[in-house]
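Below is one structure, written out as C-alpha cells, with a few remarks after it.
The values are calculated or read from the model by the stated rules, or taken from the named source; none is laboratory data. Just so you know, these numbers come straight off a predicted model, no measurement behind them. Here the Cβ positions follow ideal geometry from the backbone for every residue, glycine too, while neighbour counts run over all protein chains shown. Only protein heavy atoms, including side chains, enter the accessible area calculation; ligands, DNA and RNA are left aside. Shrake-Rupley method; radii C 1.70, N 1.55, O 1.52, S 1.80 Å.
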Number of protein chains: 2
Amino acid sequence: MNMKKQMKIVLQMVSGYGGEFKTWRLPEAKEDAYTDMDFYVEMAQLAEKGKLHALFMADTPALVNDLTQDTPMHSMDPLIAMTSVARATKHIGLVGTFSTTFNEPYNLARHLKALDVISHGRVGWNAVTTSTPATAANFGSHLKSTQERYGRAHEMIEAVQGLWGSWEKGAYIHDKQSGQFADMGRIKPLNYQGEYIQTKGPLPIPPSEQGQPPIFQAGPSPEGIRLAGRFASGVYANPFTIEESREYRNILRESAVAHGRSADDINVFTGFMFTIADSKEEALARRRRVLEFDKEELAHRLSYLGAMVGLNFQGIDPYQPLPDSWLKLARANPHDPRSPRALAVLKEGYSPVDTLAHGVINYHPVVVGTAKDVADFLEEWFEAGATDGFSIVPDLAHDGVRAFVEQVVPILQERGLFHKDYESSTLRDLLGVPYQYGIRTEE
Amino acid sequence: MNMKKQMKIVLQMVSGYGGEFKTWRLPEAKEDAYTDMDFYVEMAQLAEKGKLHALFMADTPALVNDLTQDTPMHSMDPLIAMTSVARATKHIGLVGTFSTTFNEPYNLARHLKALDVISHGRVGWNAVTTSTPATAANFGSHLKSTQERYGRAHEMIEAVQGLWGSWEKGAYIHDKQSGQFADMGRIKPLNYQGEYIQTKGPLPIPPSEQGQPPIFQAGPSPEGIRLAGRFASGVYANPFTIEESREYRNILRESAVAHGRSADDINVFTGFMFTIADSKEEALARRRRVLEFDKEELAHRLSYLGAMVGLNFQGIDPYQPLPDSWLKLARANPHDPRSPRALAVLKEGYSPVDTLAHGVINYHPVVVGTAKDVADFLEEWFEAGATDGFSIVPDLAHDGVRAFVEQVVPILQERGLFHKDYESSTLRDLLGVPYQYGIRTEE
C-alpha cells in the first residue's frame with residue numbers, strides 16, 4: 001500500500017493560556033489556568049481526542065518575563081505537568097524540555113525513565129543547552145561558553161541514554177514460580193567518565209514499551225544542528241517562510257546522514273500560531289481586542305511595525321488603512337524575515353492595527369481566520385516539503401485547542417493529510433523513528 | 001473542649017510490595033507492582049479511605065539492593081509517584097525523600113513547590129544527607145565528610161525554603177478587570193550566597209494552600225538532631241523499644257526548643273512492621289512461608305538468631321522449640337536492642353523458625369497477629385509517650401494496607417486514639433504545626 005505521507009502535529013502547552021500573553025483577560029479564558037492542573041489535563045485530553053501526536057512543554061529554569069500584565073512563558077514545572085497528564089491520557093506523546101546544562105544526569109535520567117514506564121512509552125526529552133545570565137544565577141554558575149555548553153550537552157545525552165539502557169531488555173523477570181525478581185547479570189553500571197559528566201549507574205528502572213524516550217532538539221546554531229543530527233528524533237524550528245523552513249529541514253536531514261542515521265529519522269516540527277473564528281473578520285476582532293488590553297504596548301508595536309516597513313507611524317490614525325502615497329514609499333526591511341508579510345498585509349488595505357492583528361510581528365507565522373484557512377496554511381507548508389509537522393500554538397488554549405481539534409483536524413483528515421487514529425501507543429512509533437535502547441555511539 | 005491527643009499515622013510505600021522483600025511471591029501479591037502506577041495509586045486511595053495522615057516515600061539515588069530474589073528498597077522515582085498519587089487523592093499528605101547532597105536547589109524547590117500547588121498543599125520534604133559510595137558515584141562525586149554534608153544540608157533547606165517564599169502571599173493576582181496578572185513588587189529574588197549553595201531565584205510559582213511544604217528529617221546522629229531541631233515538622237525514627245523511643249523523642253523536642261521553636265512543632269513517627277491475620281497462628285504461618293522462599297537465607301538468619309542469644313543452632317531442628325536446658329544458657333546480646341525480645345519469644349516456647357517469623361531480627365519492631373494485637377501495640381507505645389505517631393510498614397502492601405485500614409483503624413478510632421476524618425486538606429494542618437513561609441532563620 002502506497003500511503004500518502006502525513007503530517008505530525010504537537011501542541012505547545014505554554015503556561016496553560018496560550019502563546020499570546022494577554023489572552024488570559026478574554027472572557028473565554030480561565031484566569032488561574034497557570035496553577036490549575038485540572039485545566040491543563042483537560043486541554044491534554046482534548047488534544048488526545050484530536051489524535052495529536054504529542055504535547056510539548058518548552059521550558060527554561062528561571063522566571064523569564066514580567067508578569068505584571070502577561071502570563072508566564074512556561075508551566076510551573078514541566079515534569080509535574082507531564083506526569084499529571086500521563087496519568088489522564090493513553091496515547092498522546094509527552095515531550096518536555098530539560099536543560100542539558102543545569103541538571104544532574106542521574107536525577108534527570110531517573111525522572112524521565114520512570115515517567116516513560118508509567119506512561120507506557122510516551123515520553124520525549126527536548127534536550128537543550130541553557131545560557132542566559134538569569135538561569136546561570138539560579139545554579140550558582142557563570143555563563144558557559146558555547147563549546148562548554150555543547151560539550152556537556154553531548155555528554156549529558158550519552159550519559160542519560162546510557163543510564164536508561166542500564167537494565168537490559170528481559171532483566172525485569174518478576175516470576176513468582178522461580179522466585180527470580182530480576183536478572184542482575186543484565187543490570188549493569190554505565191561507568192560514564194566524560195570531561196563534564198561522570199556517573200556510574202545503574203538506574204533502578206527497567207525498559208518501557210518504547211525502550212527509552214526519543215530525543216528532541218531546538219536551536220539552529222551549527223552546534224545545535226550537529227547535536228540534532230547525532231541524537232534527535234524531532235526538532236522544533238521557528239522559520240517564517242516556506243523557503244527558510246525547507247532549507248533548514250534539509251540541513252538537519254544532512255546532519256542526520258552525516259552522523260550515520262537515515263534522513264527520515266529526524267522530524268521537523270515548525271511552530272505556528274493561530275486564532276480561529278467563523279470568519280476572518282471575527283478572528284481579527286478578537287486579536288484587536290487583545291492588542292487593545294495594553295495601549296502602551298500597542299503604541300510600541302505600531303512604531304515597530306512602521307520601522308519594519310520603513311515608515312514613521314507617529315501621529316497617524318492606526319485604525320485607518322494607509323494612503324497609497326505612503327504605501328508606495330514603504331519598503332520591507334531585508335533584515336527581518338517578517339517584513340515582506342507585514343508590507344503585503346498593509347497593501348491589502350488593512351489598517352496598521354489590523355495588520356498587527358494578523359500577527360505579522362509574532363515570533364511564529366500566524367494564521368488568523370477560519371479553520372479552513374488554518375488547514376490551507378498547514379497543507380501548503382507540508383506539501384512544499386518545508387516540514388514534517390507542526391508545533392501548534394493557540395492564542396488562547398481554552399478555546400483554541402478545541403477549535404483546532406474539532407474544526408481543523410477533520411479537514412486535514414478528510415484531505416488525507418493527518419492520521420485518523422493513533423497507530424501505536426508509543427511516541428517512538430508515532431514519530432516513525434527506529435528503536436534505540438541505551439547510549440547512541442556513532443558507527 | 002479538652003480533646004485527647006491522637007496519634008498520627010503515615011504509610012511507608014516502599015517499592016509497591018511492602019517492607020518484606022520476598023512477599024512479592026505470595027499468591028496475594030501483584031508481581032509487577034513496582035512498575036504499575038495504577039496499583040500504587042490504588043494503595044494510596046485505600047490509605048486515604050483509612051484517613052492516614054500521609055504517604056511516605058523513602059529514597060536514595062542509587063540501586064541499593066540485589067534484586068535477584070528481592071524487590072527494590074524504593075519506588076522507581078518518588079517525584080513521579082507522588083505526582084501520580086496527588087492527582088488521584090484529595091486529603092492524604094505526600095512526603096518524599098530527596099537528598100540534600102545530590103540535588104540542585106532550584107530544580108528541587110521548583111518540583112516540590114509545583115507539586116504542592118497542584119496537590120493543594122499536601123507535600124512534605126524529607127530532607128536527608130546522602131553518603132554512600134554507590135550514590136556518590138552516580139553524581140561524579142567523592143564521599144563527603146559529615147561536616148560538609150550537614151553544612152550543605154542546612155544551606156540546602158534554607159535555599160529551598162527561600163526560593164519557595166520568593167512569591168509573597170498575594171503576589172498572584174490574575175484579575176481580568178484590572179489586567180494585573182501578578183504583583184512583581186512582591187516577587188523577589190532570593191540571592192542566596194552560601195558556602196556550598198548559591199541560587200538567585202525567584203521561582204516561577206505562587207504559594208500553595210499551606211504556603212510551602214513542611215520539612216521532615218530522618219537520622220539520629222547529633223548533626224541530624226540539630227537539623228531536625230532547626231527545621232523539621234516530622235522525624236522518622238527507628239527505635240526498638242519504648243524507652244529508646246521516648247528518650248529519642250525528648251532529645252528531638254529539646255532540640256526544637258534550643259532552636260527557638262516549640263517542642264510540639266516536631267512530630268516523631270516511629271517505624272513498625274506488621275502482618276495481620278485472623279489469628280496469630282495464621283499470621284505466623286504467612287511469615288514462615290515467606291521465610292521458606294529462600295532456604296539459604298533462612299539458614300543464615302537462624303545462625304544470626306542463635307548468635308543474638310548466645311547459642312549455636314548448628315544441627316538443631318529449627319522447627320522444634322528449644323529444650324529448657326538450652327534456654328537456661330541463652331543470654332540476650334547487650335549490643336543488639338532486638339535481642340531481649342528474641343530471647344523472650346524463644347522462652348515462650350516458639351521454635352527458632354517461628355521466632356524469626358515474629359520478626360525479631362527485622363529493622364523495625366514487628367507485630368505478627370490480629371488487628372487487635374496491632375492496635376494494642378500502637379496504643380501502648382503512644383500512651384507511654386514514646387512517639388507522636390507511626391510510620392507503618394505492611395509486610396505486603398497488596399493486602400496489608402487494606403487490613404490496616406479496614407481492621408486496625410476502626411479499633412483505634414473507637415478507642416479515641418485516631419481521628420475519624422481529615423481535619424484539613426493541608427499536610428501542615430494535619431501535622432498540627434505552625435504556618436511558615438519562606439526561609440527559616442533563627443531568632
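Structural remarks
- Residues of the stretch A:15-33 satisfying the condition of being in contact (Cβ under 8 Å) with a residue 40 or more places away in the chain, under 23 Å from the mean Cα position of the chain (by Cα) and assigned to a loop (DSSP other than H, G, I, E, B): A:SER15, A:GLY16, A:TYR17, A:GLY18, A:GLY19, A:GLU20, A:PHE21, A:LYS22, A:ALA29, A:LYS30
- Filter pass, A:GLN161 being buried (at least 16 other Cβ atoms within 10 Å of the Cβ), touching a residue at least 60 places away in the same chain (Cβ under 8 Å) and in a strand (DSSP E or B): no
- Residues located in the stretch B:250-264, provided they are over 17 Å from B:GLU223 (Cα atoms) and not in a loop (DSSP other than H, G, I, E, B): B:ALA263, B:ASP264
- Residues in the stretch B:138-148 that are touching a residue at least 12 places away in the same chain (Cβ under 8 Å) and either part of a loop (DSSP other than H, G, I, E, B) or farther than 26 Å from B:SER233 by Cβ (or both) were compared, and the one that is nearest to the other protein chains (Cβ to nearest Cβ) is B:ASN138.
- Selection within the stretch A:63-75 - open to solvent by 10 Å² or more (accessible area, probe 1.4 Å) and of a type outside the set (Asp, Glu): A:LEU63, A:VAL64, A:ASN65, A:THR68, A:GLN69, A:MET73, A:HIS74
- Hits in the stretch B:231-248 (condition: closer than 13 Å to B:GLN217 by Cα and open to solvent by 30 Å² or more (accessible area, probe 1.4 Å)): B:ASN238
- Number of the exception - B:LEU46 against (1) closer than 27 Å to B:ILE276 by Cα; (2) touching a strand residue (DSSP E or B) at 6+ places or on another chain (Cβ under 8 Å): (2)
- Flag for B:ALA47 being small (Gly, Ala, Ser), over 13 Å from A:HIS174 (Cβ atoms) and not in a loop (DSSP other than H, G, I, E, B): yes
- Output for the stretch B:68-121, where each listed residue is of a type in the set (A, V, I, L, M, F, W, C), under 20 Å from the mean Cα position of the chain (by Cα) and more than 7 Å from chain A (Cβ to nearest Cβ): B:MET73, B:ALA81, B:MET82, B:VAL85, B:ALA86, B:ILE92, B:LEU94, B:VAL95, B:PHE98, B:LEU108, B:LEU112
- Counting only residues that are in a helix (DSSP H, G or I) and either open to solvent by 10 Å² or more (accessible area, probe 1.4 Å) or of a type in the set (Lys, Arg) (or both), the stretch A:219-230 holds 5 of them.
- Any chance A:HIS259 is in contact with a strand residue (DSSP E or B) (Cβ under 8 Å, 6 or more places away or on another chain) and open to solvent by less than 40 Å² (accessible area, probe 1.4 Å): no
- Scanning the stretch A:265-285 for residues that are in contact (Cβ under 8 Å) with a residue 24 or more places away in the chain, charged (D, E, K, R) and loosely packed, with under 14 Cβ neighbours inside 10 Å yields one hit, A:ASP278.
- Test: A:GLN177 is more than 30 Å from A:GLU254 (Cα to Cα) and either away from every other protein chain (no Cβ under 14 Å) or open to solvent by 60 Å² or more (accessible area, probe 1.4 Å) (or both): yes
- Residues of the stretch A:38-51 classified as over 20 Å from A:GLN407 (Cβ atoms) and open to solvent by 20 Å² or more (accessible area, probe 1.4 Å), total: 1
- Looking across A:THR89, A:THR97, one residue alone is surrounded by fewer than 24 Cβ atoms within 10 Å (Cβ to Cβ) and part of a strand (DSSP E or B). It is A:THR97.
- Looking only at residues in the stretch B:181-197 that are open to solvent by less than 60 Å² (accessible area, probe 1.4 Å) and in contact with a strand residue (DSSP E or B) (Cβ under 8 Å, 6 or more places away or on another chain), the one that is nearest to A:GLU296 (Cα to Cα) is B:PHE181.
- Considering the stretch B:328-443, the qualifying helices (runs of 4 or more DSSP H), each wholly inside and each with 1 or more residues that are open to solvent by less than 20 Å² (accessible area, probe 1.4 Å) and farther than 30 Å from B:ALA263 by Cβ, run over B:339-347, B:352-357, B:371-383, B:397-403.
- B:MET57 being open to solvent by 30 Å² or more (accessible area, probe 1.4 Å) and over 30 Å from A:GLU195 (Cα atoms): no
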